[in-house]
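What follows is a single structure, written as C-alpha cells, with notes after it.
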Amino acid sequence: MTINRTPADWPADEKEALAVQDALRGRVVLDEAGPPPGTGLVTGVDVAYDDDRDLVAAAAVVLDARTLDVVEEATAVGRVSFPYVPGLLAFRELPTVLAALDSLTSGPGLVVCDGYGRAHPRRFGLASHLGVLTGLPVIGVAKNPFTFTYEQPGERRGASAPLLAGEEEVGRALRTRDGVKPVFVSVGHRVTLDNACAHTLALTPRYRLPETTRHADSLCRQALQEASA
DNA sequence: GCGACAG
DNA sequence: ATCTTGTCGC
C-alpha cells in the first residue's frame, strides 16, 4: 500500500479542471485495437470515499486475463482532492488510482475502470484521462447511462445497443447477463469499442460487472476501513 | 431558469 | 459514492 498526496499541479477548481480536459483531450488514441481478450493481464481500478474523514482509498487488482485469477493487488490512501462534479470525476479519483497503479510490480496490461471514457460531455471521461496520463490501454465500464440515451439491447448476454449522444455513438449498452440491466461500455485509450465490449464479456462469466471491478471494489472498501481504524 | 447527472 | 441484514430465488 502507498500513501499519496495530491499532485501540486492538480486543478484547484472546476474552471481549471475544464482547461486540463481541453488540453489533454487531443492526446487520446482511438485507432489502436488494443490487446486481444483472454490473454495477458487485465487490471481493475476502483475508489471508495469517506467524505467525513476526507479520506479516499483506491485499489488496483491485476488478473490473469485467461483464468481471471488474481495475480497482484495494490492499494493507496489519500485525501479527497476534488468534489464530485458530473463530468469531472477524474479529478476526484485519479490521484489515488495513479498511486495504486504505481505500486504494482507487474505491468497492468489493459486497465478497466468504473465510469466512462468517450461517453462524456467533452469526450474525455475518467478512462480517457487515465489512459492519456499512463499511456496504457484503458476502457470504462459504467453501471449507469449518465446523460446518454440507448434502446434496450436484446435480453441475452452479449446483446448490445449504441449508447448515444445525439447521433453519435459514444459507447455501448452491453448485456452481460441474460435479462439483467446492461452495463455501459466506452473506450478510454488505445482500445476500440468492439474490443472493449469483447473484453467486458470475457470478464463477466458469472456476474453483471467485470471481475476486475468486483475485486477492485471490495479491495478499496477494505483499504478504506483499515485507513479509518 | 430548472432539473439531471459516471462515482 | 454512501446510509444498510437478511432473505427469496435460480
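What value, in deg cm²/dmol to 500, does the helix sum -39500 (n - 2.57) over DSSP H runs of n ≥ 4 give at 222 nm once divided by the residues of chain A?
It comes out at -8500 deg cm²/dmol, rounded to the nearest 500.
What number, in nm² with one decimal, is the all-direction average of the projected area of the convex hull of the alpha-carbon atoms of region A:126-229?
7.6 nm²
Between A:26, A:131, A:87, which gets the highest mean-square fluctuation from a Gaussian network model of chain A, Cα cutoff 10 Å?
Largest GNM mean-square fluctuation: A:26.
May I have the convex hull volume per residue, in Å³, for the Cα set of region A:60-192?
That works out to 115 Å³ per residue.
Any idea what diffusion coefficient chain A gets from Stokes-Einstein, in µm²/s, Kirkwood Rh on alpha carbon pairs, 10 °C, 1.306 mPa s?
Using the Kirkwood radius from Cα pairs, D works out to 92 µm²/s.
Which percent, to the nearest 5, of DSSP beta bridges fully inside region A:33-228 are antiparallel?
Roughly 80 percent of the DSSP beta bridges within region A:33-228 come out antiparallel.
Could you derive backbone 3J(HN,Hα) for region A:143-148 from the dihedral phi with the Karplus parameters 6.51, -1.76 and 1.60 (θ = phi - 60°), listing whole Hz in sequence and x where the residue is Gly or Pro?
8, 10, x, 6, 9, 8
Only the coordinates and a few stated rules stand behind these numbers; no lab work does. Treat the numbers as computed from the prediction; the structure is a model and nothing was measured.
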